[in-house]
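Working notes for the structure below.
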Amino acid sequence: MLQRVFQSVPTMLQRRYHPSRLDDIEDIELYRPGGFHPVSIGDVFANGRYKVLHKLGFGGSSTVWLARDQRPQGQSSVSETLVTLKVLSAEKSTKQRDEVAELVIPFKLDALIRAAPNASCTTRHNVQVVKDYFMKEGPNGTHLCIVSQFAGSSLLSLSSCPGRVSGSRRLRSDLARKVAKQIATVIELMHSAGLLHGDLTSSNILFQVPDHARRWSDNEIYLTLGEPETEEIVTFDHSPPGPCAPRELVEPVDAACLSSPSLLQEDIIVIDFGQSFATNRPPQDYEPATAINYLSPEARFENRISLASDIWALACIIFEIRAGSPLFDSFFGDDTDIVRETVETLGKLPEPWWSAFEHRFMWFEENGKPKPIEIQEQEGVLLPAIESSIRQKLREIGEQDEPPYSDEGPMIESIGMRLEEGEVVLLGDLLEKMLRYRPEERITIKEVVRHPWFNYTSVQ
């Protein structure tokens, strides 16, 4: 099986900083020349225009902050004051501006929408908007900073289950179809222009927030999202951290705070175009950066993607939206687990991928069928493979629901709700056509958007 190479993690002796006690913190060692720009609460950017108020998250090459646009209202009409400020690493910012996908792709999509004779206002609202961008000089280099609209929690965060003993939260059935259609429509727009997203995951789909939330005062921000949790940076040798590191580490906003039923609107925004590119200009030496449970087989085994790879990832998201849990999920965080689950559900991989699945004999016969469970257990398998299917998994939705501790709001489906057989048939048909192993055999995004599942109406 293909062994992907990741940047090596420094050993404890190589690391300079003590690990943080805060939850969900970026790798502190990336605060170095070429790495992250040190940002602290209260910092200002762009000659004082943007003031940092809280932290929203981070990625492999950026940190993301909630900031206030302090531009005087008299200079122009300003409908929003709270914005998202994404600060790219110095290494990522060294590209020419016309090569930075996070900057270029949203501009291209906005231009496409505006130029279309039947431009969809809805589609425009479902795409991340670059409101401003600028360069920031710092101790670690020069950083591209991108300003976009403030949004709520991601699909991934919303489906987590605070207050539930087991099971997952999932969207109301009609809302699930609406959200899935909005995502598919954005991808249709991209594919029509020869652009692929390349990192389509449920963490890159955010819910919109109402206009009043974008005008919160500082007090309202901290009452709703909580005060920033901070921690001093400490070096192993007790030397001063120096200018490359921030004054303090900041924990991101608790996802539950951004998932409040009173905060979210029933519309989404597709974000994070850092892995996007035009199909006629594929990047050299491409390495997939998508989370492993959304990777298409050709990306996993051959390090290549195409428009059809977005179709595979979109199918995984559509299932996740409807089920509230991933289609393929690794218990051990291992790529091999994902391949095992894929074969359980979709059957034997075609060659040469089947032969590249080195650990297949632990679970499967040569025909791709799972070995008897007792045989797998005798061979020391901890998680045995059990034959399944897309439609079987759809029929199991709702079986593991447990009551929440509090009201989850109108966007979330009631516990115990099962899919009607009519929807199982339609959604099963859609996903099966999107999840064909060979990319050339998958349906196109135009066929996805026009599939009758999106118009399904409950008979209950």
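Given the rule -39500 (n - 2.57) for each run of at least 4 DSSP H residues, summed and divided by the residues of the chain, what is its mean residue ellipticity at 222 nm, to the nearest 500 deg cm²/dmol? Display every interim value, and only then the final one.
On the way: 14 runs with 127 residues, N = 460.
After summing the helix terms and dividing by residue count, I get -8000 deg cm²/dmol.
Going down the list Lys86/Lys131; Lys108/Lys178; Lys86/Lys181; Lys51/Lys131; Lys51/Lys92, which pairs span over 18 Å between their C-alpha atoms? Mind dumping the intermediate values first?
On the way: Lys86/Lys131 12 Å; Lys108/Lys178 24 Å; Lys86/Lys181 27 Å; Lys51/Lys131 15 Å; Lys51/Lys92 23 Å.
Over 18 Å apart, Cα to Cα: Lys108/Lys178; Lys86/Lys181; Lys51/Lys92.
If you average the alpha carbon positions of segment 342-361 and of segment 19-65, how far apart do those two centres end up, in angstrom?
That distance is 41 Å.
Considering amide H positions built from the backbone, and no H for Pro or chain starts, which residues 5 or more places from His54, or on another chain, come under 5 Å of its amide H?
Amide H to amide H, under 5 Å and 5 or more residues apart or across chains, His54 pairs with Leu66.
When the Cα centres of segment 181-211 and segment 382-404 are compared, how far apart do they sit, in Å?
Here the two parts' Cα centres lie 27 Å apart.
Using a simple spin-label model with points 7 Å from Cα along the Cα→Cβ vector, what separation in nm is obtained for Thr444 and Ser406?
Result: 4.8 nm between the two label points.
What does the C-alpha gyration tensor say about the overall shape of segment 340-393? Classify as rounded when a/c is under 1.5, otherwise prolate if a/b is larger than b/c, or oblate.
Because a/c hits 1.5 or more and a/b fails to exceed b/c, segment 340-393 counts as oblate.
Name the shape class, rounded, prolate or oblate, that the alpha-carbon gyration tensor gives for segment 28-455, where a ≥ b ≥ c are the square roots of its eigenvalues, rounded holds for a/c under 1.5, and otherwise prolate holds if a/b is larger than b/c and oblate otherwise.
Prolate shape, in that a/c is at least 1.5 and a/b is the bigger ratio.
Any idea what angle helix 307-323 forms with the longest principal axis of the chain, computed on alpha-carbon atoms, 0 to 90 degrees, nearest 10?
Long axis of 307-323 versus the principal axis of the chain: about 90 degrees.
What nm value, rounded to one decimal, do you get for the distance between Val44 and Asp110 when each label is placed 7 Å out toward the C-beta?
2.5 nm
Which whole-number value in Å² is the accessible area per residue of the chain, probe 1.4 Å?
Numbers: 21120 Å² over 460 residues.
Per residue, the chain has an accessible area of 46 Å².
If you average the C-alpha positions of segment 310-332 and of segment 133-155 separately, how far apart do those two centres end up, in angstrom?
Cα centres, segment 310-332 to segment 133-155: 29 Å.
With the crude spin-label approximation of a point 7 Å out along Cα→Cβ, what separation in nm comes out for Ala256 versus Glu365?
4.8 nm
Please provide three numbers in whole Å: the alpha-carbon extents of segment 244-319 along the principal axes, with the largest listed first.
Largest first, segment 244-319 extends 41, 40, 22 Å along its Cα principal axes.
To the nearest 10 degrees, how steep is helix 101-115 against the longest Cα principal axis of the chain, on a 0 to 90 scale?
Computed tilt is about 80 degrees.
Could you work out how far helix 173-192 tilts from the main Cα principal axis of the chain, as a 0 to 90 degree angle to the nearest 10?
Helix 173-192 sits at roughly 80 degrees to that axis.
The values are calculated or read from the model by the stated rules, or taken from the named source; none is laboratory data. Just so it is clear, the structure is predicted and the values come from calculations on it, not from any experiment. Counting neighbours? That spans all protein chains shown, and the Cβs are built from the backbone with ideal geometry, glycine included. In case anyone asks, the SASA skips ligands and DNA or RNA and just uses the protein heavy atoms, side chains included. Shrake-Rupley method; radii C 1.70, N 1.55, O 1.52, S 1.80 Å.
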